[in-house]
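These notes concern the structure reproduced below.
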Amino acid sequence: VKISCGGFRDDGFAVIPEVIPLAYCEEIVGYIQNFERSATGARTLLSERWCRELAASVRRNPALARIVPAGSVAVQCTLFEKSPGRNWLVSIHQDLSIPVKERVPHDELIGWSMKEGVLFVQPPAGVLESLTAVRLHLDDCGSGTGGLRVVPGSHVFGRIGPERAAEIRAERGEVEPTVNRGDVLAMRPLVLHASSKARISALRRVLHFVFGPPTLPFGLSWPDTL
Ligand SMILES: O=C(O)CCC(=O)C(=O)O
């Protein structure tokens, strides 16, 4: 399968088909069924062996190997699940927070928060630019299923405030890629993105991995649970 790397570099996202075989997806669905869900899914999956094995397997995909820098490690995995019982939306935003082991006082580290027992911080854009989100789809995600809408090329502006985000979306438009079961939507965390409530009755389960460098600046470190 030919993936244009320039596409990922310029657009800040790309769909990579058939990263995980359908039978493996079915196995993963079995594992996530045992997990406690919050309103949108679950965030602490990387402490599970099956999840770390899946991250390694995803990482071996040749097209992803060209996108995710060599030496990167999986630092986060979040299940984003939409279902007829739990339908939700997120308005346009960038992913600004990363999970870390402990608090480090520094002017450039802002927005400290706790989610499901994990500490998060918003580091400067340079740190976020070293990360790649790899969204593995466990269900076919097409029209009406509440898939991600992304603004092509919006990752090059650093951190964007709400007014500038609205301007950039108006200038560049947004796309809602079709992503099938077993495919990956790879994305820079700084790409502006949003998703609507599903309009049709369907499951939309996505495992959102984040890959990053093994070490962090500012004396920060990734959580122990990895
Ligand atoms: O999965 C979605 O629809 C939204 C996920 C999201 O907003 C995020 O990755 O920050």
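Find the residue count for segment 20-34, including only residues that are over 19 Å from the mean Cα position of the chain (by Cα) and assigned to a loop (DSSP other than H, G, I, E, B).
Within segment 20-34, the subset over 19 Å from the mean Cα position of the chain (by Cα) is 21-24, 26-27, 30-31, 33-34.
Right, trim to assigned to a loop (DSSP other than H, G, I, E, B) and you get 21, 33-34.
So the count comes out to 3.
Mind checking which strands (runs of 3 or more DSSP E) fall wholly inside segment 62-128 and carry at least 2 residues that are more than 29 Å from residue 140 (Cβ to Cβ)?
Details: elements: 73-82, 90-93, 98-100, 110-115, 118-122.
By residue number, 98-100, 110-115, 118-122.
Look at residue 89 and say whether it is within 16 Å of the ligand (Cβ to nearest atom), loosely packed, with under 14 Cβ neighbours inside 10 Å and either over 28 Å from residue 218 (Cβ atoms) or touching a residue at least 60 places away in the same chain (Cβ under 8 Å) (or both). Here the answer is yes, as residue 89 does meet what is asked.
Out of 109, 138, one residue alone is more than 30 Å from residue 15 (Cα to Cα) and crowded, with 18+ Cβ neighbours inside 10 Å. It is 109. Number of residues in segment 141-161 that are closer than 19 Å to residue 95 by Cβ, out of contact with any Pro (no Cβ under 9 Å at 6 or more places or on another chain), touching a residue at least 12 places away in the same chain (Cβ under 8 Å) and surrounded by fewer than 17 Cβ atoms within 10 Å (Cβ to Cβ) equals 3.
Across segment 141-167, which residue is farthest from the ligand (Cβ to nearest atom) among those that are β-branched (Val, Ile, Thr) and more than 27 Å from residue 44 (Cβ to Cβ)? Once the filter is applied, the top-ranked residue is 156. Among the residues of segment 133-159, those identified as over 26 Å from residue 36 (Cα atoms), at pLDDT 95 or above and either in contact with a His (Cβ under 9 Å, 6 or more places away or on another chain) or polar (S, T, N, Q) (or both) are 149, 150, 151, 154.
Against the definition (within 13 Å of the ligand (Cβ to nearest atom), in contact with a helix residue (DSSP H, G or I) (Cβ under 6 Å, 6 or more places away or on another chain) and not polar (S, T, N, Q)), how does residue 138 come out, yes or no? Don't jump to the end; show me each part of the working.
Values: within 13 Å of the ligand (Cβ to nearest atom): yes; in contact with a helix residue (DSSP H, G or I) (Cβ under 6 Å, 6 or more places away or on another chain): yes; not polar (S, T, N, Q): yes.
In short, yes.
Exactly one residue among 206, 191 is within 13 Å of the ligand (Cβ to nearest atom), modelled with pLDDT of 95 or more, in contact with a His (Cβ under 8 Å, 6 or more places away or on another chain) and assigned to a loop (DSSP other than H, G, I, E, B), and that residue is 191.
Any residue at all in segment 101-113 that's under 16 Å from the mean Cα position of the chain (by Cα), under 21 Å from residue 223 (Cβ atoms) and touching a residue at least 40 places away in the same chain (Cβ under 8 Å)?
Our first condition is that a residue be under 16 Å from the mean Cα position of the chain (by Cα); within segment 101-113, this holds for none.
No; the residues of segment 101-113 include none that is under 16 Å from the mean Cα position of the chain (by Cα), under 21 Å from residue 223 (Cβ atoms) and touching a residue at least 40 places away in the same chain (Cβ under 8 Å).
Selection over segment 154-188 of residues that are under 16 Å from residue 12 (Cβ atoms), outside any strand (DSSP E or B) and in contact with a helix residue (DSSP H, G or I) (Cβ under 6 Å, 6 or more places away or on another chain) gives a count of 5.
When residue 146 is tested against (1) at negative phi; (2) small (Gly, Ala, Ser); (3) not in a strand (DSSP E or B), only condition (1) is not met. Could you please give the count of residues in segment 107-135 that are away from the ligand (no atom under 14 Å from the Cβ), touching a Pro at 6+ places or on another chain (Cβ under 6 Å) and either β-branched (Val, Ile, Thr) or closer than 20 Å to residue 89 by Cα (or both)? Within segment 107-135, residues that are away from the ligand (no atom under 14 Å from the Cβ), touching a Pro at 6+ places or on another chain (Cβ under 6 Å) and either β-branched (Val, Ile, Thr) or closer than 20 Å to residue 89 by Cα (or both) number 1. Can you work out which of the residues in segment 74-85 that are away from the ligand (no atom under 12 Å from the Cβ) and over 14 Å from the mean Cα position of the chain (by Cα) is surrounded by the most Cβ atoms within 10 Å (Cβ to Cβ)? Selected residue: 83.
The values are calculated or read from the model by the stated rules, or taken from the named source; none is laboratory data. All figures in this text were calculated on a predicted structure; none of them were measured in a lab. Don't worry about glycine lacking a Cβ; one is built from the backbone with ideal geometry, like all the others, and counts go over all protein chains shown.
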